[in-house]
1. Output yes when any residue across the range 103-112 is within 20 Å of M1 (Cα to Cα), touching a Leu at 6+ places or on another chain (Cβ under 7 Å) and not hydrophobic (A, V, I, L, M, F, W, C), and no when none is.
2. Got a sec? Which of K139, K50, K134 is more than 12 Å from the chain's Cα centre (by Cα), closer than 11 Å to G5 by Cβ, assigned to a helix (DSSP H, G or I) and of a type in the set (K, R)?
3. Return the only residue of Y46, Y3, Y86, Y41 being within 20 Å of K114 (Cβ to Cβ) and among the hydroxyl-bearing types (S, T, Y).
4. Between residues in the range 1-29 that are without any contact (Cβ under 8 Å) to a residue 40 or more places away in the chain and residues that are charged (D, E, K, R), which pairs lie under 6 Å by C-beta distance while being six or more apart or on different chains?
5. Out of everything in the range 121-131 that is surrounded by fewer than 11 Cβ atoms within 10 Å (Cβ to Cβ) and within 18 Å of the chain's Cα centre (by Cα), what residue ends up being farthest from Y86 (Cα to Cα)?
6. In the list L116, L105, which residue meets the criterion of being under 25 Å from R22 (Cα atoms) and part of a helix (DSSP H, G or I)?
7. If you check every pair at least six apart or on different chains, which have Cβ atoms under 8 Å apart with a residue in the range 108-133 that is small (G, A, S) first and a residue that is modelled with pLDDT of 95 or more second?
8. What pairs come up if the first residue lies in the range 69-82 and is within 18 Å of G10 (Cβ to Cβ), the second is in a loop (DSSP other than H, G, I, E, B) and of a type in the set (D, E), and their beta carbons are under 9 Å apart, counting only those six or more places apart or on different chains?
Amino acid sequence: MLYLGADHAGYKLKEFLKEHFRKKKIDYEDFGTDSENPVDYPDYAYKVAKAVARNRKSKGILVCGSGIGMCIAANKVKGIRAVVAYDKYSAEMSRLHNDANVLCLRGRKVSFNKQLKLVNIWLKTKFSGETRHKRRIAKLR
């Protein structure tokens, strides 16, 4: 399952991503927000992060203005490894080496199509499972 959340600055990108997921028949659950009216990003980061932490096989995508606030908030939840990805390399490596389970994106000053490419890279990249990376992730716990 894929859990989605956004604040007002990420709302439009979240809706754009949902349309892509519908077309690709990717199951998701949207935790809001449902408009561009101002809201507090930690509320949505927490909802998505808690859902991902409960369902270890799931992933989350969070969107705010920069992606940074959502990332900080999501990482407060035990079991979450949230990352901000700004390019192909960071999206890929966050999964391959860090087994990131929440992707945080920026909804402002960026092409939605570029963000979609990062999402697709992140979703298709599998954790390498290498011993050294497992050891490092265990230390994060």
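The values are calculated or read from the model by the stated rules, or taken from the named source; none is laboratory data. Being a predicted model, the structure only gives us computed values, none of them experimental. Every residue, glycine among them, receives a Cβ derived from its backbone with ideal geometry; neighbour counts consider all protein chains shown.
1. Our first condition is that a residue be within 20 Å of M1 (Cα to Cα); within the range 103-112, this holds for 103-105.
Then keep just the ones that are touching a Leu at 6+ places or on another chain (Cβ under 7 Å); that gives 104-105.
Checking the rest, the ones that are also not hydrophobic (A, V, I, L, M, F, W, C) come to none.
No.
2. On the way: K139 fails: closer than 11 Å to G5 by Cβ; K134 fails: closer than 11 Å to G5 by Cβ.
Being more than 12 Å from the chain's Cα centre (by Cα), closer than 11 Å to G5 by Cβ, assigned to a helix (DSSP H, G or I) and of a type in the set (K, R) holds for just one of K139, K50, K134, which is K50.
3. Values: Y46 fails: within 20 Å of K114 (Cβ to Cβ); Y3 fails: within 20 Å of K114 (Cβ to Cβ); Y41 fails: within 20 Å of K114 (Cβ to Cβ).
Only one candidate passes the filter, namely Y86.
4. Going by the 6 Å Cβ cut-off, the qualifying pairs are H8/E36.
5. Of the range 121-131, the ones surrounded by fewer than 11 Cβ atoms within 10 Å (Cβ to Cβ) are 124, 126, 129, 131.
Filter once more, keeping what is within 18 Å of the chain's Cα centre (by Cα): 124, 126.
Values: K124: 17, K126: 18 Å.
This residue is K126.
6. Details: L105 fails: part of a helix (DSSP H, G or I).
The conditions single out L116.
7. S128/L96; S128/H97
8. G69/D7; M70/D7
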